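What follows is a short report on a single structure.
Read-outs: derived from the displayed coordinates by stated rules, not from any lab. Note that the coordinates shown come from a computational prediction; the quantities given were computed from them, not determined experimentally. We place every Cβ from the backbone using ideal geometry, glycine too, and count neighbours over all the protein chains shown.
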Amino acid sequence: MNKKKFFIYIASFVVFILVFWVALYFFTDTFNQKKLKERSYVHPFSFYKEDGSIFTNVNMQGKVCVVEYFFTTCPNICPVMNNNMKKIYEEFKNEPNFLIVSHTCDPKRDSVAKLKRYADSLGVDTKKWVFLTGRKDSLYNMARVSYGIDDPNNIVRDINDDFMHSQFFALVDKSGSVRGQVYDGLKNEEIAKLKKDIKLLLKEKN
């Protein structure tokens with residue numbers, strides 16, 4: 001075999017390896033993204049932030065958002081949920097296109113001022129982790145219809161008799177689609193899965 005043919009074979013092999021790895025990278029990335037199926041989308045809403053300003057669905061556009069419902073006086077699952085949520089916050093707080101959106105499920109007691117005190121107690125940046133309150137029926141409708149973290153069949157005729165207490169997190173992409181699964185905020189393995197899925201969505205173009 002002469003040198004010319006040898007170098008042609010070597011060059012062809014190198015090109016083949018490069019093409020293979022590039023294809024593998026893009027195929028794997030696309031495959032993983034497709035696994036994060038679209039479950040729903042974020043319907044229009046308008047709530048109050050912990051600083052008294054208005055927060056709407058438009059404020060979520062262009063960001064990967066983790067969504068939850070809790071209430072500040074909850075003695076059992078909420079502290080565990082928000083301890084896990086703070087781990088997510090610490091990992092992604094420096095990502096410019098990331099946001100945590102926490103809604104109260106007890107707006108009668110969780111006023112704007114009370115949510116502000118709660119946020120301060122966590123020591124978090126409320127530009128990266130917002131706390132929302134508003135009309136009870138609107139809050140619950142978003143949880144059940146948009147985010148799918150509570151069964152819509154739980155709706156009762158009188159909103160005053162309704163109380164939602166969900167341990168689940170939802171994941172929203174930059175375009176406002178609810179993606180992936182419903183993540184159990186009490187389970188470490190599901191928090192780990194949520195972190196992986198956040199990373200996938202952060203790579204996606206808007």
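Some points to look at:
- Residue separation of residue 163 and residue 203 scaled by 0.36 nm, minus their Cα-Cα distance, works out to 10.7 nm of gained length.
- Measuring between alpha carbons in the structure, the pairs from 127/196; 86/203; 87/116; 37/127; 108/205 lying more than 31 angstrom apart are 108/205.
- On full extension, the segment bounded by residue 175 and residue 74 gains 33.2 nm, given 0.36 nm per residue less the C-alpha separation.
- Assuming charge only on the beta carbon of Lys and Arg (+1) and of Asp and Glu (-1), the dipole of the stretch 101-206 about its Cα centre is about 540 debye to the nearest 20.
- Working from label points 7 Å from Cα in the Cα-to-Cβ sense, the residue 90 to residue 51 distance is 2.5 nm.
- Cut-off 14 Å (backbone N to label point 7 Å along Cα→Cβ of residue 121), residues of the stretch 61-105: 70-83
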